[in-house]
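Single-structure report; data block below.
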Amino acid sequence: MNKKGLLAGAAVFLLLFCMACGAPSSKEWALRNIGKEKAMCETEEELVPTLSEDRADTVKTADEDKKAPKEEEKPKWGHYTVTAEITVDNGRKLDLILHGFRPEDRSCYGIDKIDVYDGANLIQTISVKEAIQEEDTDYGYIEGYTETWDEDGGLYIGDMNFDGVEDIGLFAWIPLVNIPYYYWLWDKEEQQFTYAFCICEPTLIDTEKEQIVVEMRDSCCSWETHYYAYDENGELQMVGYIYDDYRDDVLKREIYELIDGEMQLIGEEPLPPMVG
């Protein structure tokens, strides 16, 4: 074969090679389209069929013998549910279904209601709006929803009134400093959860004294430790607090106690300088 024939043959081979390897296959384009469709989905219902039907048919392993396992994806935004279990009186197990929402333009989540199930029976729907109206704290991004960094609404399950039964807490809204929580207590007589109060985290449950202890930042140089207890009517009230003032010209701790219905100063002590 002459030199011109060799060059022509090489050019044809190179062209065919580029056509075979350079252009994306229909399956590759399908994958890219799935990514576009996923980005446009606003709800879990729209997203799941796209992934479960198309992706498994288009993604294959290198030897083309097996389909890749389906990938479980969560929506970037939209409505969703989270489930949890709680134990109430007599060891009775109840299921909680939290209804949440994440706005398209926000990185936070919100919960607006909790369905309480006893087996297959819906026995109660807890409305977050009830707590918001009770406390006059509609500070969330969406009206009627909590505001939190977690999909489960920062769900807390634990005994908050020392009756041996688990209660429910939800992260209320995203604050500048102290973290507020709404709490619903299980009512043994009514056999349902009742909204009770809003206090801040972090909390310490002192079972021996039957007190709830809350540490709060008051300013850049001061802290407060609040002590809560239930009165004879079952209402939570502050029974005392400690105020720590770390300003260089003060460095003093003040101790207050509820006496005859009024918070009174009962002691003072010096504080060491704040380190760091």
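The values are calculated or read from the model by the stated rules, or taken from the named source; none is laboratory data. For clarity, every value in this text was computed on a predicted model and none was experimentally measured. Here the Cβ positions follow ideal geometry from the backbone for every residue, glycine too, while neighbour counts run over all protein chains shown. Heavy atoms of the whole protein, side chains included, go into the accessibility calculation; ligands, DNA and RNA do not. Shrake-Rupley method; radii C 1.70, N 1.55, O 1.52, S 1.80 Å.
Would you say Glu268 is under 29 Å from Gly144 (Cβ atoms) and more than 28 Å from the chain's Cα centre (by Cα)? No, not satisfied. Scanning the stretch 193-209 for residues that are touching a residue at least 40 places away in the same chain (Cβ under 8 Å), among the hydrophobic types (A, V, I, L, M, F, W, C) and either in contact with a Pro (Cβ under 9 Å, 6 or more places away or on another chain) or open to solvent by 20 Å² or more (accessible area, probe 1.4 Å) (or both) yields Ala196, Cys198, Ile205.
Taking the stretch 175-187 as the range and being open to solvent by 40 Å² or more (accessible area, probe 1.4 Å) and modelled with pLDDT under 95 as the test, the residues that pass are Leu176, Val177, Ile179.
Just one of the listed residues (Glu134, Glu190, Glu151) is assigned to a helix (DSSP H, G or I) and surrounded by fewer than 20 Cβ atoms within 10 Å (Cβ to Cβ), namely Glu134. Among the candidates Tyr181, Tyr139, Tyr117, the residue that is among the hydroxyl-bearing types (Ser, Thr, Tyr), farther than 22 Å from Gln211 by Cα and not in a loop (DSSP other than H, G, I, E, B) is uniquely Tyr117. Could you tell me whether Arg247 is among the basic types (Lys, Arg) and outside any loop (DSSP other than H, G, I, E, B)? It is false that Arg247 is among the basic types (Lys, Arg) and outside any loop (DSSP other than H, G, I, E, B).
Listed conditions (1) open to solvent by less than 40 Å² (accessible area, probe 1.4 Å); (2) within 19 Å of Leu98 (Cα to Cα); (3) β-branched (Val, Ile, Thr); (4) touching a residue at least 40 places away in the same chain (Cβ under 8 Å) are all met by Thr146, apart from (4). For the condition closer than 28 Å to Val213 by Cβ, crowded, with 20+ Cβ neighbours inside 10 Å and either in contact with a helix residue (DSSP H, G or I) (Cβ under 7 Å, 6 or more places away or on another chain) or not charged (D, E, K, R) (or both), Gly110 does not qualify.
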